[in-house]
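What follows is calculated from the coordinates using simple rules that are stated; it is not laboratory data. These figures come from a predicted structure and were not determined experimentally. So basically every Cβ, Gly included, is an ideal-geometry build from the backbone, and we count neighbours across all protein chains shown.
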Amino acid sequence: MSAGHSHDHGHAHDDHAHGHHELGFIRKWIFSTDHKVIGMQYTVTALVFLFFGFTLMMIMRWQLANPGHVIPFVGSMLSKQLYAGYMNLATEGVLLPEGYNALGAMHGTIMVFLGIVPLAVGGFGNFVMPLQIGAPDMAFPKLNMMSYWVFLPGGLIMLASFFMPGGAAQSGWTSYAPLSVINPGQTAWLVGMIFLITSSLLGSINFIVTIIHMRAPGLTMFRLPFFVWAQFVTAFLLLLAFPPLEAAGVMQLMDRLAGTSFFMPSGLWVSGKAAEWVGGGSPLLWQHLFWFLAHPEVYVLILPAMGIVAEVIANNTRKPLWGYRSMVYAAAFLGFMSFIVWAHHMFMTGMSTKISTFFQTTTMIISIPSVIILTALVISLWGGSIRFNTPMLFAIAFLPMFAIGGLTGLPLGLTSSDIHLHDTYYVIGHFHYVVAPGTIFGMFAGIYYWYPKATGRMMNETLGKLHFWPTFICMNCIFFPMLIQGMMGLSRRTYDPNIYQAGLASLKLHKMISWSAWIMAIAQLPFIFNFFVSMFAGKKVTENPWDSTTLEWAAPSPPPHGNFLTEPKAHRDPYVYSPPGRKDDFLPQHVVLEV
Amino acid sequence: MDVAIPCQVKPHPVTGIANGKLAIWLFLASEVMLFGALFSSYILLRTNAETWPRGHDILSVPLATLNTAVLITSSVTMVMAWAQLMMGNFSKGRKYLAVTLSLACVFLVVKFFEYKDKFHHYQVWFNTPTMVAGHEVTTITGHIEEKTDDFIKFLPDPPKGHKAEAGHHEPIKIETSQIKRLSNYGPWHSNFFAVYFTMTGLHGLHVIGGIIVIGYLLGPGAKLWHRDRQFYINRIENTGLYWHFVDLVWIFLFPCLYLI
């Protein structure tokens, strides 16, 4: 934390933050304190984790579409017994039930905690937010570096759990007790999770301090781009919602390692024998603590995506966001409400009708701010001269996809309809519509939009469209049938759905979903190619290729360590597009008007 | 080489505090949620339990009272250290800091003896009601004097309020076949001890964290005083805020676990 006190490093050093001497490779790219490098580290790591999590799902999709058949390509690899006591995922090429459970649990965990959150907050938040507020870096650069280097081991422990004795966690990403306490493999999950929570704690404190203390002169809170507001609310959610899960994780770890019974009920029998725990604990306690985190977590996943989409839409409709202030108030209200809706995940646990009425009511209330934000974004399109570039395609696609995800959530938030839909494929369809075509489309929009800022080069538009259209179609072919399957009564987490009548009936839909998932995997190839090749071959750009107004475009592309060549000042609102009486159709925040 | 970060030492014109202080308050907010979740779990487990022991029956209230006094004193010396540094008395400030550090260590030593006592204190549950010292009981508590595969030599605790009559209590021999369950007062004993060890253990980790930070500021971190006095004082103040929080958690833990 001795940043800024380097004046005793010799007089050759010029105190202007930008005239710094060159750092070695390790300090510049590996143990960097520069928020942009850390943001890129997070982005690349999270994209790798996302792809890995997607791969796990593709194996599961094979089992669902062709139950009991040998998995092509990887079947023999997954059947190899690496050492005595090693948990294979498959035998003779066929996926095992416990392998299916492990893949399912790890898919959820990796996508949420190692993919989306690090990408949305660690990646975009780190890279874009300080630039958008005109700050030279984060408030605590070393803490920022530490947050990445605590995140990475957490992720690696999660991955390594596949190769540990007992295998990976098998109790779903929700890790419900008592199953999670009994199952092997959960310990690594819990240890990994404690790393991830610590990392997000360090990150969120840093974000809040940076946004409160380091805004450029003139950049009042209501001149902040909506993306910064989204990150601000997200940081508060991470700060306050994660610690209860940390407490719950510690208690579950105690249950597993010290033989306590926090989550173990009395009189529990496991595999025909009385369990060795004394009992007296409450499995519901875990659910409460878990969902106290995991519901705000949903908004941690969606808010940054909304922020990105707002930036891209304002920029590509060439007009100010409609209802900027209502969007800000809605985001703040959303953050607050997200702390008092968690038990709507638990309607089926036998809670009293009074309590479920309360949570049902708050759940209906929380849909209001989401609708406000979505409506404001849709109205923002009205009358704009829209540029249909790749980021904008993803941003526009986000709107109906998130709308489907949000609206399908309402029947789950009402107790009477939840009885039928609870724990079915409908739930999977619902939250994937929010997170996959919702959040991930937001993330793609962000990558295409800020890529020129990060690298100084554009990504290829044709490849971008080749990425967008198949992904968009496949996403819907994957998740829409799940809503139907769920209403048919197919329960989630089933290894072989054919043992049920409802499962047999939906096998055709399973085949369609699986084929769509594999085609979607192929559709990501143009993106991966585009992402790496554009670094060297993309069209070179100057600082503001999108003719944008917010402060990050006042810095060079890519910005140097310290970001801005002259200290930026904000003179106006964030989205002054098409102001009357000017030649340009945009007026950046930092530009001084000559009177 | 490094970028100049605004508000690192000087307070921000609007909030009136520097970055570090804002950060430590946010950190404490998250800590409130961490311990809040643990206290809530404690309440939920206790209200749902059929029986729940009284803390003062099985934990040592005198030791905990001593520890409470130790921690409160350490909070006072922490403030004194800050006040002395504010007045420019570097050596006096360091002395108070050293006292704070020692008191934190005293707390841990007392805690260690408390823990050790619990791990050597046992409870036996019998398969059938058994006569012990003229009473038919299903369970007794005490210390193990000798343990073999076939039997244990067990020194039962004196009944409450009869500590003086030492000769009254002889070790008894209990056959292994009579024993339904034998457990020391570790976290696995019951939910009371699960809560006790998890909460005091996590609090103990926070004390260790405080020792590391105070130790750093007393040792290598003290160089900052000569380079940037205000920055050093800020760090002491922020550490103090954290330290008071650790103290405060104990002030909640003490009645919740030991007294009620």
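Observations
- Between region A:462-496 and region B:175-232, the C-alpha centres lie 48 angstrom from each other.
- Per-residue mean of foreign Cβ neighbours for B:12-20 is 3 (Cβ atoms of other chains, 10 Å radius).
- Peptide A:208-215, shielding by other chains (average Cβ, 10 Å cutoff): 6
- Legend: translational diffusion of chain B by Stokes-Einstein, Rh = Kirkwood radius over C-alpha pairs, 37 °C, 0.692 mPa s; D = 152 µm²/s.
- Per-peptide packing, taken as the mean over residues of other Cβ atoms within 10 Å, places B:12-24, A:377-389 in the sequence B:12-24, A:377-389 from highest down.
- Exposure proxy ranking, count of Cβ atoms within 10 Å, fewest first, for B:ASP157, B:ASP149, A:ASP34, A:ASP418: B:ASP149, B:ASP157, A:ASP418, A:ASP34
- Inter-chain neighbour count for A:283-295: the average number of beta-carbon atoms from partner chains within 10 Å of each residue's beta-carbon is 2.
- Rounded to two decimals, the Cα-based Rg/Rh of chain A, with Kirkwood Rh, is 0.97.
- For peptides A:140-148, A:577-585, A:545-553, B:216-224, sequence by mean Cβ density within 10 Å, most packed first: A:545-553, A:140-148, B:216-224, A:577-585
- Where the alpha-carbon atoms of region A:132-188 are placed on the principal axes, they occupy 50, 22, 15 Å, in descending order.
- Convex hull volume per residue in cubic angstrom - Cα atoms of region B:1-151: 249 Å³
- Lysines with Cα under 21 Å of B:LYS21, excluding same-chain neighbours fewer than 8 positions away: A:LYS142, B:LYS10, B:LYS223
- Available extension along the chain between B:HIS143 and B:ASP228 is 24.9 nm, counting 0.36 nm per residue and deducting the alpha carbon span.
- The Rg/Rh ratio of region A:312-448, with both radii computed over alpha carbons and Rh defined as the Kirkwood radius, is 1.04.
- Span from the region A:130-176 Cα centroid across to the region A:380-403 one, whole angstrom: 32 Å
- Which listed pairs, of A:LYS319/A:LYS540; A:LYS453/A:LYS539; A:LYS36/A:LYS583; A:LYS36/A:LYS540, have C-alpha distances above 23 Å, in listed order: A:LYS319/A:LYS540; A:LYS36/A:LYS583
- In terms of other Cβ atoms within 10 Å, B:TYR258, A:TYR433 run from fewest to most in the order B:TYR258, A:TYR433.
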